[in-house]
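Each remark here refers to the structure printed beneath this line.
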Amino acid sequence: GGVGDAAAEVQLSWLRWAVLLLFSSYSLCNAFQWIQYGSINNVFMRFYDVSAFAIDWLSMSYMLIYIPLLFPVAWLLDKRGLRLIALAGSALNAVGAWVKLGSLKPHLFPVTVLGQVICGLAQVFILGMPSRIASVWFGSHEVSTACSIAVFGNQLGIAAGFLVPPVLIPNVEDVEKLAYHISIMFFMTAGVASALFILVIIVFKEKPPNPPSRAQASIQSRPTAEYSYMQSILRLLRNINFLLLMVTYGLNVGCFYALSTLLNRMVIHHYPGEEVNAGRIGLTIVLSGMVGALISGIWLDKTKTYKQTTLVVYIMSLVGMTVYTFTLSLGHLWVVFVTAGLLGFFMTGYLPLGFEFAAELTYPESEGTSSGLLNVSAQIFGIAFTIGQGQIMDHFGTKAGNLLLCSVLFLGTVMTAFIKADLRRQQANLENEQT
């Protein structure tokens, strides 16, 4: 029995692609709601008669809510499994979208804040899921690609959040007309979020009938009594390589969050009246990043060179950020599109790399816990960099603000070089195959 039986039972389920697509879709809807205010920051400032900082907080609320709630939700993921977390995430996302429909008057800014806070709660049930879904549902030779596709949905949502609001909501003077255009966006979002919640109820399953890999079979055959959630977190926090990755991931993704939140302000400062193109530049960053994410996922499945790939992508993120910083003010929009695309390809392409490298360094700990800790790091740095860069931009200009992000990425690159490639999940698969 034992290992032989586990090996015989390893089998892939066709349902894995439906589960992955559905998760990506409601993750997309949630990410769209994160950036839908920031991408037309100046329009919402005028409609609600609030400061730029207040609109920035609509994005930062997502980050702030995540930090205290990560551990309870990661514990729930371990104890109650994927289906409950998927139901909670998609339900909260729909509720938040409907609440926002009650904020279509200039004096109702607190209602839109409440809707955004509920959507921020939904995000806690979404962000840590990609590597867990990939491990529970996908085979060892497709797990990194699956994780990339799961992260893809979130990125596509941010892309839509940059593209759609400037198109649906023109910068008109008439407040009634503005409210009408905003209502169209809110209604569409609420309808899509509700449909996705219903699909999750019908389609989303806890796990496949058989484990998809030997590493997963080994985890599933382990007695429940052996597993302690607090012990798992303590083991992660004693893992030096994981701690280094946690900080470097936070630095990189925190820069991406700050850049996304403040992009509209940066572009409008240098190119007045170009709200739609500011959205398109954000779209370019994310779409090129999705290509980068998919390529890096396929590359990891083929080569398993986690450390080398992560370091190269980090260095190129730094190069991209530096080029973007010094070309933003040249006065040519097409140059900004090109440099933003280069930056996005590497900076956004880094997201699934971090999740997968963490899963390797921390096996057999829960992927929900390791990726959750990475996300907490990203949210903390994201808030700090968004506030810091916003203040620097107000006092010293956009170039000084972007130089802050360049210096942060340089620090992250140096720290990444010190991470040892201790690929435990890969080792477990190899040992089981040999046995």
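The values are calculated or read from the model by the stated rules, or taken from the named source; none is laboratory data. From a predicted model like this one, the values you see are computed outputs, not experimental measurements. Glycine also receives a Cβ, built like all others from the backbone with ideal geometry; neighbour counts cover every protein chain displayed. All accessible areas refer to the heavy atoms of the entire protein, side chains included, with ligands and DNA or RNA removed. Shrake-Rupley method; radii C 1.70, N 1.55, O 1.52, S 1.80 Å.
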Within segment 220-242, considering residues that are over 26 Å from the mean Cα position of the chain (by Cα) and not polar (S, T, N, Q), the one modelled with the highest pLDDT
R222
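Taking segment 300-341 on its own, how many of its residues are among the hydroxyl-bearing types (S, T, Y) and either surrounded by fewer than 15 Cβ atoms within 10 Å (Cβ to Cβ) or under 25 Å from H270 (Cα atoms) (or both)?
Initially, segment 300-341 is screened for residues among the hydroxyl-bearing types (S, T, Y), giving 303, 305-306, 309-310, 314, 317, 322, 324-325, 327, 329, 339.
Of the ones still in play, those that are also either surrounded by fewer than 15 Cβ atoms within 10 Å (Cβ to Cβ) or under 25 Å from H270 (Cα atoms) (or both) are 303, 305, 317, 322, 324-325, 327, 329, 339.
Looking only at that region, the number is 9.
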Taking segment 387-428 and keeping only residues that are within 30 Å of S218 (Cβ to Cβ) and touching a His at 6+ places or on another chain (Cβ under 8 Å), one is left with none
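Looking at F152, F187, which one is among the aromatic types (F, W, Y) and out of contact with any helix residue (DSSP H, G or I) (no Cβ under 6 Å at 6 or more places or on another chain)? Spell out how you get there, then give the answer.
Values: F152 fails: out of contact with any helix residue (DSSP H, G or I) (no Cβ under 6 Å at 6 or more places or on another chain).
Of the residues listed, the single one that is among the aromatic types (F, W, Y) and out of contact with any helix residue (DSSP H, G or I) (no Cβ under 6 Å at 6 or more places or on another chain) is F187.
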Please go through segment 356-376 and pick out each residue that is open to solvent by less than 10 Å² (accessible area, probe 1.4 Å) and under 12 Å from the mean Cα position of the chain (by Cα).
S371, G372, L374, N375
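Based on this model, can you work out whether G388 counts as more than 22 Å from V312 (Cα to Cα) and either basic (K, R) or part of a helix (DSSP H, G or I) (or both)? Break it down into steps so the answer makes sense when it comes.
Values: more than 22 Å from V312 (Cα to Cα): yes; either basic (K, R) or part of a helix (DSSP H, G or I) (or both): yes.
Considered against the rule, which asks whether it is more than 22 Å from V312 (Cα to Cα) and either basic (K, R) or part of a helix (DSSP H, G or I) (or both), G388 comes out as yes.
Of everything in segment 168-178, what is out of contact with any Pro (no Cβ under 8 Å at 6 or more places or on another chain), in a helix (DSSP H, G or I) and either buried (at least 17 other Cβ atoms within 10 Å of the Cβ) or of a type in the set (V, I, T) (or both)? Give them in sequence order.
Here is the first cut: in segment 168-178, the ones out of contact with any Pro (no Cβ under 8 Å at 6 or more places or on another chain) are 168-174, 176-178.
Next, from what is left, pick out any that are in a helix (DSSP H, G or I): 168, 176-178.
Listed by number, the list holds a single entry, L178.
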Quick check, is P352 touching a helix residue (DSSP H, G or I) at 6+ places or on another chain (Cβ under 8 Å), open to solvent by 40 Å² or more (accessible area, probe 1.4 Å) and modelled with pLDDT under 85?
no
Looking at A6, A52, which one is under 30 Å from E173 (Cβ atoms), more than 18 Å from the chain's Cα centre (by Cα), crowded, with 16+ Cβ neighbours inside 10 Å and modelled with pLDDT under 90?
A52
Answer yes if at least one residue in segment 411-424 is under 30 Å from I55 (Cβ atoms), surrounded by fewer than 16 Cβ atoms within 10 Å (Cβ to Cβ) and modelled with pLDDT of 85 or more, and no otherwise.
yes
Mind telling me which of the residues L58, L92 ends up being over 16 Å from S377 (Cβ atoms), assigned by the TED database to the domain that holds S131, buried (at least 18 other Cβ atoms within 10 Å of the Cβ) and in contact with a Cys (Cβ under 8 Å, 6 or more places away or on another chain)?
L92
Qualifying residue in segment 40-47 (condition: under 16 Å from N154 (Cα atoms) and not basic (K, R)):
no
